[in-house]
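Enquirer: One structure follows; several queries about it will come next.
The values are calculated or read from the model by the stated rules, or taken from the named source; none is laboratory data. Keep in mind the model is a prediction, meaning the values are calculated, not measured. Neighbour counts are summed over all protein chains in view; Cβ atoms, including those assigned to glycine, are modelled from backbone coordinates with ideal geometry.
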Amino acid sequence: MAGGGGRVIRVLNVAEKPSVAKAVSGILSKNQPGGIRVRDGRSRYNKIFEFNYTIRNQPCQMLFTSVTGHLMEIEFHERYRKWHSCDPLDLYNAPVRKFVPEDKLDIKRTLEAEARSCQWIILWLDCDREGENIAFEVLDVCRQANHNLTVWRARFSALIDREIHQSVQTLVQPNQLFSDAVDVRQEIDLRIGASFTRFQTMLLRGAFVLDFATDDRNLVLSYGPCQFPTLGFVVERYWEIQAHEPEEFWTINCTHNSDEGTATFNWMRGHLFDYTCGVMIYEMCIQEPIATVTKVKQQEKLKYPPHPLSTIELEKRASRYFRMSSEQTMKVAEDLYQNGFISYPRTETDCFSDKTDLRKNYLDVYRFESWGGSVIPTYSFGQQFTPTTLTLDSGVTRPPPLLSEADLLGCMDKAGIGTDATMHDHIKKLLDRFYAIKDSNTRFSPTKLGEALVMGYDDMGYELWKPYLRAMMECDMKAVSTGTKRKAEVLETCLQQMKACFSDARTNKGKLLEAMAIFFERSNRSSSGEQQAVGAVVRRCGLCLESDMVLRQKPDGNFMVGCLGYPQCRNVVWLPGSVSEASVTENTCITCSPGPVFKIQFKFRQQEIPPDYSVQHLGCIGGCDDILRQLVEICGTGSRNSSNTSGRGRGNPTASSSAQRDNSRAQISCAYCRQTGHLSNDCPSQASRGRTARAQEVDNGESSIPCNSCGAPCILRTANTANNRGRKFFSCQSSECNFFVWEDNLSGGRAERANTSASTSSGRGGRGRGRGCGQSGAHSSNVSFVSATGEPITGRCFICGDPGHFANVCPRRG
DNA sequence: GCAAGGTC
């Protein structure tokens, strides 16, 4: 450490809270020339104290300010902040950042400004892991403002003169390992909490009628590594009570009255569940009723005062004696602290002032307890007496009581759930989230929701609701803080495990749904959970620009690529109904922008695609993929027969249908103009022609023909697949219709150009391009396309060949 | 909108 007098240096001192800055400044400035000056910083709570002090012969001008706990927060990058922005599984790998939140910027600016004028910085944060982490947050900010700061850490455990002076004369370096341990905790808590909270909220809210919430749309079904084990304690006790079967037992009791008082003797054996045995032993006693004293043991009994200065003990006793909630107690404690009556209540400061009389009979001042002893008559070895009463009594086993707040705090304390300062928050969270209720006896029982959630995870076989996970994390953090394990190693291992666990839990979500179904009615709202199931990301949504488009398979087996921002964003690309398998690959499209657009490996059902199309296809939904577009046109999409019954559009088929069309417009290129953003049946270049026109000229000089099935325009297209390159076909441009016919299957083998005016004037009865040569018989009088035999073509099924329906509704499809 | 940890 530098020293040796001479030039006065400026030292920036930072404490964890304003009260400590004030107290330490008061101690160090005592008897110093110049006394102490106070000035305001940018933050109204965090004053700056100035005084002179000498550290190891080095004259120092001390500036002493503070933060208010953590200066920084950890959050996901903006891209992952919105709930629908990504698959919750991605939250295990999504980048996170530590930053100074808005309400701490004033403190940050004060630190920056003061750091610039100082040569040294002394970190006076609390001496625990969190304090060490805050020290590095402060350091981060101050070093940004002044790279040349010399850094010191003051270690102290009590705000008393001797300790503070000693601390500042024996400064050390901050402990990176302690801080690392907190970084690990923060990151794990965030990733686990956010992923599970999003998952279970989106899965269950809306899927059930949650009658306790006035508006369950805003309901959050949170999961946290502390709150869930706390709920677990409540549920476990509740189940224990439920499972209890009362059982009758028998016990022999004896009392003896003498001049000195009454003595009650308990049966050494306790009790018997067998009535016959009990009666037999009792009858033996009655037959020989003289009692003999066989052992006399005197024992001093001590009564200990409650553990002093313990936050949890305070909360337990306030609950027991005043029926105050732990949260309420902490508020009162805070007030008492602010007014100078008690020491800081949120972290243990179990150190008494030198003036305290610890040989203090505590029962004289603590009136809530008494000696409570009773006088027992004196007995001597071998003494005989006749019992005053000798009875055979029955009793019934009782279940344990519901957990009281004191019990709950005890469980949490024992299992290491939360800290002194946060335990009451976790308990309150259970009530706020409708997971548990507290009765008039301040005892906790789970709500239906709380029980269902724990039951769901329990049925999966996971102990996510037990304290072991937190205990394991605590163990790992300890290993990081002592250097036994590295931060990156623990993070990687733990997150990998939790990611696998999350993934498994999602696979087994049925267990959660089943458990919920025991307690709640199913809801048929459109935002029900199953529709939120997510798949792999294909591209960023070009419509809302906020969320990802992911590949999904609907319950009916059809595939689509939908925006995770649903229902706010309804962007969706429906894929051909003939897709049997689809998976997003790591190949990106080099044509489509904005990228990346990940290609999808498709497998089509062979019978449902024209013979010249390959069963396997590596496709792109960005608009560049002609084959995919043709198959959509030929086979139709999965939306056609599912939008009214299931999938995203449940309960709102119109919206779904419109969304489907809107999004086909957005992604698949138009058959007319080759632009993305609309389909050929909505092509702006064709707008003036209108759907009622029965024949339309297309850009290449060909005309379109009204579809036999729906009347929408069919246009002549040219196949570019290996087997049929150059072969022409007509296909209906309505996204609602699958009409398709090879041109050479029409009569005459070649279509004639339609007569636009004739078609328009005669409607469907006009001369169709596909009509056979002069065979305008009865069959074909009102259709555009007829076969070589003069039969009207009504479309054909690729599976069974039946012209009466299309492949996607074929009964043989299963 | 999500965790848990500081503190005002």
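Enquirer: Inspect the range A:122-140 for any residue being loosely packed, with under 15 Cβ neighbours inside 10 Å and within 11 Å of DNA strand B (Cβ to nearest atom) and give the result as yes or no.
Expert: no
Enquirer: From A:Asp161, A:Asp211, A:Asp183, grab the single residue that is within 16 Å of DNA strand B (Cβ to nearest atom) and either acidic (Asp, Glu) or at pLDDT below 95 (or both).
Expert: From the options A:Asp161, A:Asp211, A:Asp183, the qualifying one is A:Asp183.
Enquirer: Take the residues of the range A:306-351 that are among the hydroxyl-bearing types (Ser, Thr, Tyr) and not in a loop (DSSP other than H, G, I, E, B): which is modelled with the lowest pLDDT?
Expert: Residue satisfying both the conditions and the ranking: A:Tyr337.
Enquirer: Taking the criterion of being within 11 Å of DNA strand B (Cβ to nearest atom), in a helix (DSSP H, G or I) and in contact with a Lys or Arg (Cβ under 6 Å, 6 or more places away or on another chain), would at least one residue in the range A:461-483 satisfy it?
Expert: Yes: one or more hits.
Enquirer: Give the residues of the range A:48-78 that are over 19 Å from A:Arg116 (Cβ atoms) and either more than 11 Å from DNA strand B (Cβ to nearest atom) or over 36 Å from the mean Cα position of the chain (by Cα) (or both), sorted by residue number.
Expert: A:Phe51, A:Asn52, A:Tyr53, A:Thr54, A:Ile55, A:Arg56, A:Asn57, A:Gln58, A:Pro59
Enquirer: Also, quick follow-up: Return the residue satisfying two criteria in turn: it lies in the range A:88-117 and is acidic (Asp, Glu) and in contact with a helix residue (DSSP H, G or I) (Cβ under 9 Å, 6 or more places away or on another chain), and of such residues it is nearest to DNA strand B (Cβ to nearest atom).
Expert: Among those residues, the one meeting the criterion is A:Asp90.
Enquirer: Take the residues in the range A:155-196 that are free of Cβ contacts under 8 Å to residues at least 40 places away in the same chain and of a type in the set (Gly, Ala, Ser), then tell me which one is farthest from A:Thr482 (Cα to Cα).
Expert: The selected residue is A:Gly193.
Enquirer: Taking only pairs six or more apart or across chains, which ones have beta-carbon atoms under 7 Å, a first residue in the range A:76-88 that is closer than 17 Å to A:Cys544 by Cα, and a second residue that is within 10 Å of DNA strand B (Cβ to nearest atom) and among the aromatic types (Phe, Trp, Tyr)?
Expert: As it stands, the answer is A:Cys86/A:Tyr80, since those pairs meet every condition given.
Enquirer: Could you check, for the range A:314-327, whether at least one of its residues is surrounded by 19 or more Cβ atoms within 10 Å (Cβ to Cβ), within 30 Å of A:Met473 (Cβ to Cβ) and among the acidic types (Asp, Glu)?
Expert: Yes, the range A:314-327 has at least one match.
Enquirer: Filter the range A:403-454 down to residues that are part of a loop (DSSP other than H, G, I, E, B) and among the acidic types (Asp, Glu) and give me whichever is farthest from A:Met330 (Cα to Cα).
Expert: Here the residue is A:Asp439.
Enquirer: With respect to the numbered conditions (1) closer than 30 Å to A:Asp183 by Cβ; (2) more than 9 Å from DNA strand B (Cβ to nearest atom), which one is the sole condition not fulfilled by A:Lys82?
Expert: The number of the failed condition is (2).
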